[in-house]
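Visitor: First the structure, which I've put down as C-alpha cells, then a few questions once you've had a look.
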Amino acid sequence: TQSTRPQRLLSAVQKNATRGDPRSVVQAIDQFCRHKEWAMNVGDEKGCILDSVVSEINPATVLELGTYCGYSTVRIASLLPPHAKLITLEFNPNYASIARQVIAWAGLEDKVQLVEGASGDWIPKMKEQFGVKTFDLVFLDHWKDRYLPDTKLIEECGLLTKGSVLLADNVICPGTPDYLEYIRSSPQYESQYFKSHLEYTKVEDGLEKSVFLG
Ligand SMILES: O=C(NCCCCCn1ccc2cnccc21)c1cc(-c2ccc(F)cc2)cc(O)c1O
Ligand SMILES: [Mg+2]
C-alpha cells in the first residue's frame, strides 16, 4: 500500500537523524520538507522565533495544540528545563502515531505527553487529567478557526496566569483573522507580531506572541 507523507517524513528522520539528538531530527525534517516534500511543520525560519520565545520564557508547563509529525514538539521539548512538561494535542491518530515515533527518535518522550483528541474536549479536562494548574506557554498550530474559541476556553478554564504566553502560528497564511482581531484589541493581552514566511516558502506568514496580563 502507498505510504503517506508523514510516514515518508518519519523514514527520513530514521535514515538521516541520530537517535537521541533532537537537533539532528529537526534538521532531517527541514531537509526533507525543503528538498523532497513540503509539509506543514512550523519550519526552520519560524522555528528560530519559536526557539527564542521558549528560551526567553523557560516554561515549566507548555500546551501545544497541533502536533502533526512532532517537529515543533521536538524543538520546544529540547529547550525545556528538567522536570518541565509539554502536553501536545493531536486530533488525527495517524499523525499522532508518527509524532510519537519522531519524539522517541529524538529521545524526548519523558518530557512530552501526547494526547489524541479535539481541543474543545480536552482543554476543560487539563487540570483534572494532567494535574496542570496553568500553562506558561501555549503554542497554537491546529485548525485556524479554533484559535479564537480555544483561547476563550483556555481563559474560562483558568489555565492562564499573569505572564502566560500564547504563541500562534499561521496568523497570515492560512490566516486567523478573528483570533488576531480579538487578541490585538483585548486589554488582557500585550501582543507582538513576528514577521516571517510560510514554512519552506517565500510566502509571508508570521507568529503572534501574546502575553496574558491577568
Ligand atoms: O492546517 C494547518 N494546521 C492544522 C492541521 C490540522 C490540525 C488538527 N488538530 C490538531 C490538534 C487538534 C485539536 N483539536 C482540533 C483539531 C486539531 C496548517 C496549514 C498550513 C498550510 C497549508 C496549505 C497551504 F497552502 C498553506 C499553509 C500551514 C501550517 O503551518 C499549518 O499549521
Ligand atoms: Mg502551522
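Visitor: Take the alpha carbon gyration tensor of the stretch 84-214, find the square roots of its eigenvalues, order them as a ≥ b ≥ c, and report rounded if a/c is under 1.5; if not, report prolate when a/b exceeds b/c, else oblate.
Guide: oblate
Visitor: Quick check for me: using +1 on Lys/Arg Cβ and -1 on Asp/Glu Cβ, what's the dipole size of the stretch 144-183 about its Cα centre, in debye to the nearest 20?
Guide: My answer is approximately 100 debye.
Visitor: Follow-up. Find how much the distance from Leu153 to Asn94 grows on full extension, using 0.36 nm per residue of separation minus their present alpha carbon separation; answer in nm with one decimal.
Guide: Between Leu153 and Asn94, full extension yields an extra 18.6 nm.
Visitor: Sticking with this one: Residues in the stretch 71-109, backbone N under 16 Å from the label point at Ala118 (7 Å along the Cα-to-beta-carbon vector): list them, ranges by number please.
Guide: Residues passing the 16 Å test: 89-93.
Visitor: Could you list, in their original order, any pairs among Lys46/Lys133; Lys46/Lys85; Lys46/Lys111; Lys162/Lys202 whose Cα atoms are separated by more than 26 Å?
Guide: Pairs exceeding 26 Å: Lys46/Lys133; Lys162/Lys202.
Visitor: Now a separate question. Let me have the 222 nm mean residue ellipticity of the chain computed from DSSP H runs of 4+ only, each contributing -39500 (n - 2.57), with the sum over all residues rounded to the nearest 500.
Guide: -12000 deg cm²/dmol
Visitor: Give me the number: length gained by fully extending Thr18 to Gln129, i.e. 0.36 nm times residue separation minus the C-alpha to C-alpha distance, one decimal in nm.
Guide: Extending this stretch completely gives an extra 36.6 nm.
Visitor: Also, I was wondering about something else. Rounded to the nearest angstrom and ordered from largest down, what semi-axes does the equivalent ellipsoid of the stretch 1-135 get from its C-alpha gyration tensor (root of 5λ)?
Guide: After scaling each eigenvalue by five and taking roots: 24, 18, 13 Å.
Visitor: Just the number: Rg to Rh for the stretch 1-62, Cα atoms, Kirkwood Rh, two decimals.
Guide: 1.04
Visitor: Can you tell me the length gained on complete extension of the stretch Val203 to Asp145, counting 0.36 nm per residue apart and subtracting the Cα distance?
Guide: Once the chain is fully extended between Val203 and Asp145, it gains 18.8 nm.
Visitor: Points 7 angstrom from Cα along the Cβ direction at Tyr193 and Asp51: gap in nanometres?
Guide: Distance between label points: 2.6 nm.
Visitor: If you don't mind, another one. Give me the distance in nm between label points sitting 7 Å out from Cα along the Cα-to-Cβ direction at Arg184 and Glu109, one decimal.
Guide: Taking the simple label geometry, Arg184 and Glu109 are separated by 4.3 nm.
Visitor: Please compute one quarter of the surface area of the Cα convex hull for the stretch 82-132 and express it in square nanometres.
Guide: Over every viewing direction, the Cα hull of the stretch 82-132 projects on average to 3.6 nm².
Visitor: Mind sorting Thr4, Thr151 by how few other Cβ atoms lie within 10 Å of their own Cβ, fewest first?
Guide: With the sparsest Cβ surroundings first, the list reads Thr4, Thr151.
Visitor: Quick check on the chain: of the DSSP beta bridges with both residues there, what percent are antiparallel, nearest 5%?
Guide: Around 40 percent antiparallel, to the nearest 5.
Visitor: Nearest 20 debye, what's the magnitude of the dipole of the stretch 1-75 about its Cα centre given +1 on Lys and Arg Cβ and -1 on Asp and Glu Cβ?
Guide: Here the size comes out at about 380 debye.
Visitor: If you put +1 on each Lys and Arg Cβ and -1 on each Asp and Glu Cβ, how big is the dipole of the chain around its Cα centre, in Debye rounded to 20?
Guide: 500 debye
Visitor: For Glu64, enumerate residues with amide H under 5 Å from its amide H, sequence gap 5+ or separate chain, H modeled in the peptide plane.
Guide: So Glu64 has HN proximity to Ile87, Thr88, Leu89, Phe139.
Visitor: Among Leu108, Phe130, Leu50, whose Cα sits farthest toward the positive end of the charge dipole of the stretch 36-137 (+1 at Cβ of Lys/Arg, -1 at Cβ of Asp/Glu, about the Cα centre)?
Guide: Highest projection toward the positive end goes to Phe130.
Visitor: For the residues Lys133, Lys127, what sequence is obtained by ranking on other C-beta atoms within 10 Å, fewest first?
Guide: Lys133, Lys127
Bear in mind that the values in this text are calculations on the coordinates, not laboratory data. As the structure is a computational prediction, the values presented were derived from the model and not from experiment. Glycine also receives a Cβ, built like all others from the backbone with ideal geometry; neighbour counts cover every protein chain displayed.
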